[in-house]
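J.: Sharing a structure, written as structure tokens. Questions coming.
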Amino acid sequence: MKTEAIVSNNKRFIVGRILPNVDLIEGIEVLCKENEIKSGVIISLIGSLSCGKIVYPISDENSKIGIKYSEETNIEGPLELLSCQGYIGEDEDGEFQIHLHGLMGNENMEIIGGHFVPNGNKVLATAEITIMEVDEGNLIRAFDEKLGFPLFNFRQI
């Protein structure tokens, strides 16, 4: 097998804003719960952050695929949130999961990117988001033995 996919027929989009001083991932979770989204795709996310927290891949000879994630890196702002995309789903225990990658720019016009982690990405002025709901499938994040990372699995319902 080379791919996994879910086809969604509802075409329901949520366009919203996460307000200042709210953690980015917490805000996405609240927005999803308020709009009853269990599975979805973050198509666009832009705005500004007062601080950021990411991890990124680094070499690891002991890993099954030669990489692991770095320790968490805190980035001082102000930061322009240039672009983010990701997935919304659950883990195997039914706990809400967000997998978010993106790019930020600092005041020196340097670009920083990685995998956003919870509790360290505070919205500065705004974070504007577009989510497409996936209504006819489940996105379940589980540990992948072959790769050694948790990945989303796409299951049609």
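J.: Any residue at all in segment 10-18 that's modelled with pLDDT of 90 or more, on the phi > 0 side of the Ramachandran plot and of a type outside the set (A, V, I, L, M, F, W, C)?
T.: For segment 10-18, residues modelled with pLDDT of 90 or more, on the phi > 0 side of the Ramachandran plot and of a type outside the set (A, V, I, L, M, F, W, C): absent.
J.: Take the residues in segment 44-83 that are open to solvent by 70 Å² or more (accessible area, probe 1.4 Å) and hydroxyl-bearing (Ser, Thr, Tyr); name whichever of them is nearest to Gly105 (Cα to Cα). Can you show your working first?
T.: From segment 44-83, those open to solvent by 70 Å² or more (accessible area, probe 1.4 Å) are 46, 56-57, 59, 61-62, 64-65, 68-69, 71-72, 74, 76, 80, 82; that's our starting set.
Then keep just the ones that are hydroxyl-bearing (Ser, Thr, Tyr); that gives 56, 59, 69.
Numbers: Tyr56: 16, Ser59: 24, Tyr69: 21 Å.
By that ranking, first place goes to Tyr56.
J.: Also, quick follow-up: Which of the following residues is closer than 24 Å to Lys11 by Cα and charged (D, E, K, R): Glu90, Glu110, Glu80, Glu95?
T.: Just a single option satisfies the conditions, and that option is Glu90.
J.: Shifting gears a bit: Taking segment 18-43, which residues are open to solvent by 20 Å² or more (accessible area, probe 1.4 Å) and either aliphatic (A, V, I, L, M) or assigned to a helix (DSSP H, G or I) (or both)?
T.: Leu19, Val22, Glu26, Glu29, Val30, Leu31, Lys33, Glu34, Val41, Ile43
J.: Can you list residue pairs whose Cβ atoms sit under 7 Å apart, with the first residue in segment 108-137 being open to solvent by 70 Å² or more (accessible area, probe 1.4 Å) and the second being in a loop (DSSP other than H, G, I, E, B)? Count only pairs 6 or more apart in sequence or on different chains.
T.: Lys122/Asn21; Leu124/Pro20
J.: Taking only segment 84-97 into account, find how many residues are in a strand (DSSP E or B) and open to solvent by 20 Å² or more (accessible area, probe 1.4 Å). Quick ask: steps written out before the conclusion?
T.: Taking segment 84-97 and keeping what is in a strand (DSSP E or B), we get 84-91, 96-97.
When the remaining residues are screened for being open to solvent by 20 Å² or more (accessible area, probe 1.4 Å), the result is 85, 87, 90-91, 96-97.
The total comes to 6.
The values are calculated or read from the model by the stated rules, or taken from the named source; none is laboratory data. The shown structure was predicted, so the numbers you read here are calculated from the model rather than taken from an experiment. Here Cβ is always computed from backbone atoms with ideal geometry, including for glycine, and neighbour counts include all displayed protein chains. When the accessible area is computed, the model is the full protein with side chains, heavy atoms only, and any ligands, DNA or RNA have been set aside. Shrake-Rupley method; radii C 1.70, N 1.55, O 1.52, S 1.80 Å.
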